[in-house]
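What follows draws every value from the coordinates through simple rules; no lab data is involved. Small disclaimer: the values here were computed from a predicted structure and weren't measured. Ideal geometry is used to build each Cβ from the backbone, glycine not excepted, and the neighbour counts take in all protein chains shown.
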Amino acid sequence: MIDLYAAATSNGMRARIALEECGLAYKLHPVDLAKGEHRTAAFLAMNPNGQIPVIVDHEGPGGRPLTLSQSSAILLYCAEKSGKFLPKDPAARPAVLQALMNASTDVTPLFGAYFIAASAKEPHAPTVQLFKDRVRGLFQVWDAALAKRKYCAGDEVTVADFSLYAGYARIKGAVPDMLEGLPNVARWAGEMAARPAIQRATTF
Ligand SMILES: N[C@@H](CCC(=O)N[C@@H](CS)C(=O)NCC(=O)O)C(=O)O
């Protein structure tokens, strides 16, 4: 059994999607960020950075417990533990990792920066616009890519799709106009949203 500590953010959803899609048994422990539940001594003992998501796999490698933070590390851990969604073929794997990193280290942090800038007491409009344009620019590139292939890294669903979908779902819920006019992204997102595991993972 795996314990998952998460909230309904893109990083939290990324970890939960990983667990659901990989079919790993887990228990969700919702963390209320507004109440500071990520800064308690118990939470900081799991992740000294005080950030969700965190998993504790009581049957980790070698049968020993493993505590793991970083949503993309959790995503890769689940993929490797289950043997799903991450090709072993060295010819196929780089494209998946490239797509994964774009989703995890470009899309989500840039949207995070946008969100912080836009939520400031006195938002600096050019900065807010800059981050908004950067996020949209990333999705415009995804739109062109998804015109040519079914999923982020080819014809199969991979960890990259789960990572991008977590970011997409968060943005779509918070700032839908950022994603308007991207038909191929919309087609892909519709397919991802129809997956039962994704539906379970995005209902907090
Ligand atoms: N790179 C980390 C980022 C984690 C992160 O930023 N978590 C946010 C929620 S999405 C958080 O816990 N924020 C609370 C804080 O930083 O005080 C990951 O991918 O897991």
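Placing unit charges on C-beta atoms (Lys and Arg positive, Asp and Glu negative, everything else neutral), compute the dipole magnitude of the stretch 78-204 about its Cα centre in debye, rounded to 20.
Result for the stretch 78-204 is approximately 240 debye, rounded to the nearest 20.
Are there cysteines in the chain with no second cysteine's Cβ under 4.7 Å away, and if so, which?
152
For the stretch 31-46, take each phi angle, set θ = phi - 60°, evaluate the Karplus expression 6.51 cos²θ - 1.76 cosθ + 1.60, and give the result in whole Hz per residue in order, putting x for glycine and proline.
10, 8, 5, 5, 8, x, 5, 8, 10, 6, 4, 5, 6, 5, 5, 7
At R0 = 41 Å, how high is the FRET efficiency between residue 174 and residue 64 if r is their beta carbon distance? Nearest 0.05 is fine.
0.60
Considering every pair of different Cα atoms, what Kirkwood radius, in Å, is found for the stretch 2-85?
12.6 Å
Where both partners of a DSSP beta bridge lie in the chain, what percent of those bridges are antiparallel, to the nearest 5?
The antiparallel fraction comes to roughly 65 percent.
List the GluC sites (Glu not before Pro) within the stretch 1-67 that DSSP assigns to loop and that have no more than 16 neighbouring Cβ atoms inside 10 Å.
Sites meeting the loop and neighbour criteria: 59.
Would you mind pulling out the separation of the Cα centroids of the stretch 174-204 and the stretch 19-94, in Å?
The two parts, judged by their Cα centres, are 22 Å apart.
Considering amide H positions built from the backbone, and no H for Pro or chain starts, which residues 5 or more places from residue 8, or on another chain, come under 5 Å of its amide H?
Long-range HN contacts for residue 8: none found.
Please give me the summed charge of the neighbours of residue 198: other residues whose Cβ is under 10 Å from its Cβ, Lys and Arg +1, Asp and Glu -1.
Its environment carries a net charge of -1.
Looking at the stretch 100-202, which GluC sites (Glu not before Pro) are in a loop (DSSP not H, G, I, E or B) and have at most 14 other Cβ atoms within 10 Å?
156, 180
On the first, second and third principal axes, largest extent first, how far apart are the outermost C-alpha atoms of the chain in Å?
47, 46, 27
In the chain, once you exclude exposed trypsin sites (Lys or Arg not before Pro) (DSSP loop, at most 10 other Cβ within 10 angstrom), what's the longest stretch remaining?
122-204
In whole Hz, with x marking every Gly and Pro, tabulate ³J(HN,Hα) for the stretch 168-183 from phi via Karplus 6.51 cos²θ - 1.76 cosθ + 1.60, θ = phi - 60°.
Ordered by residue, 3J(HN,Hα) equals 4, 4, 5, 5, 4, x, 9, 9, x, 5, 5, 10, 6, x, 10, x Hz.
Give, in nm to one decimal, the length gained when the segment between residue 44 and residue 155 is fully stretched (0.36 nm per residue of separation minus the Cα-Cα distance).
35.9 nm
Around residue 31, with a cut-off of 15 angstrom between Cβ atoms, what is the net charge of the other residues, counting Lys and Arg +1 and Asp and Glu -1?
Local net charge: +2.
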